[in-house]
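Student: Structure incoming, see below.
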């Protein structure tokens with residue numbers, strides 16, 4: 001189940017707000033410019049489908065987002081628990097960083113934890129299959145795919161180089177919970 005928890009940056013063990021309903025999540029994220037919506041495939045897809053089949057199943061939503069936001073590249077990334085570089089890949093995203101373009105991800109399958117740091121608040125967004133999150137450029141954040149990552153995501157880019165992170169060098173991300181799929185709370 002998708003979940004938003006909001007913390008004060010000084011109290012990483014005590015959320016001030018928790019929501020699992022789409023409307024409540026979207027309402028709390030909107031004031032900080034973060035978009036959140038849910039999509040459904042237009043046709044059945046299954047694990048292991050080719051990227052073009054996955055993209056075709058979400059074509060109308062993809063085309064809408066591309067037209068609204070001017071993205072130039074759309075791709076599919078798939079990470080499994082047995083991926084040989086999973087530890088290095090996880091580590092790459094765990095520290096606070098920002099991008100000079102919006103970071104937009106749609107979870108086709110699996111899950112991950114986007115954590116956003118805005119002013120003195122930390123917004124921890126657990127994204128699940130069917131969730132689209134849109135993080136505005138320059139928003140401080142980190143992403144945790146868990147120790148045994150398992151997800152398929154559609155990514156949107158305006159820059160041909162794709163993902164370029166600018167790291168802040170702070171240790172705030174280490175103070176907040178890591179992603180452990182299946183964990184309650």
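Student: Of the conditions (1) more than 16 Å from residue 90 (Cα to Cα); (2) out of contact with any helix residue (DSSP H, G or I) (no Cβ under 6 Å at 6 or more places or on another chain); (3) surrounded by fewer than 20 Cβ atoms within 10 Å (Cβ to Cβ), residue 147 clears all except one; give me its number.
Tutor: Evaluating residue 147 over (1) more than 16 Å from residue 90 (Cα to Cα); (2) out of contact with any helix residue (DSSP H, G or I) (no Cβ under 6 Å at 6 or more places or on another chain); (3) surrounded by fewer than 20 Cβ atoms within 10 Å (Cβ to Cβ) leaves (1) as the failure.
Student: Same structure again: Residue by residue through the stretch 10-58, note down the ones that are in a loop (DSSP other than H, G, I, E, B), under 20 Å from the mean Cα position of the chain (by Cα) and under 20 Å from residue 179 (Cβ atoms). Break it down into steps so the answer makes sense when it comes.
Tutor: Filtering the stretch 10-58 for residues in a loop (DSSP other than H, G, I, E, B) gives 10-16, 20-21, 33-34, 39-50, 58.
Keeping just the survivors that are under 20 Å from the mean Cα position of the chain (by Cα) gives 12, 15, 20-21, 33-34, 39-41, 47, 58.
Scanning the stretch 10-58 gives 12, 15, 20, 34.
Student: Consider only pairs whose beta carbons are under 7 Å apart and that are at least six residues apart or on different chains; among these, list those whose first residue lies in the stretch 139-167 and is in contact (Cβ under 8 Å) with a residue 24 or more places away in the chain and at positive phi and whose second residue is surrounded by fewer than 16 Cβ atoms within 10 Å (Cβ to Cβ) and part of a strand (DSSP E or B).
Tutor: Within 7 Å, the pairs are 162/73.
Where a number appears in this text, it was derived from the coordinates with a stated rule and is not lab data. All values derive from a computational prediction rather than experimental measurement. Using ideal geometry, Cβ is built from the backbone for each residue, glycine included, and neighbour counts are taken over all protein chains shown.
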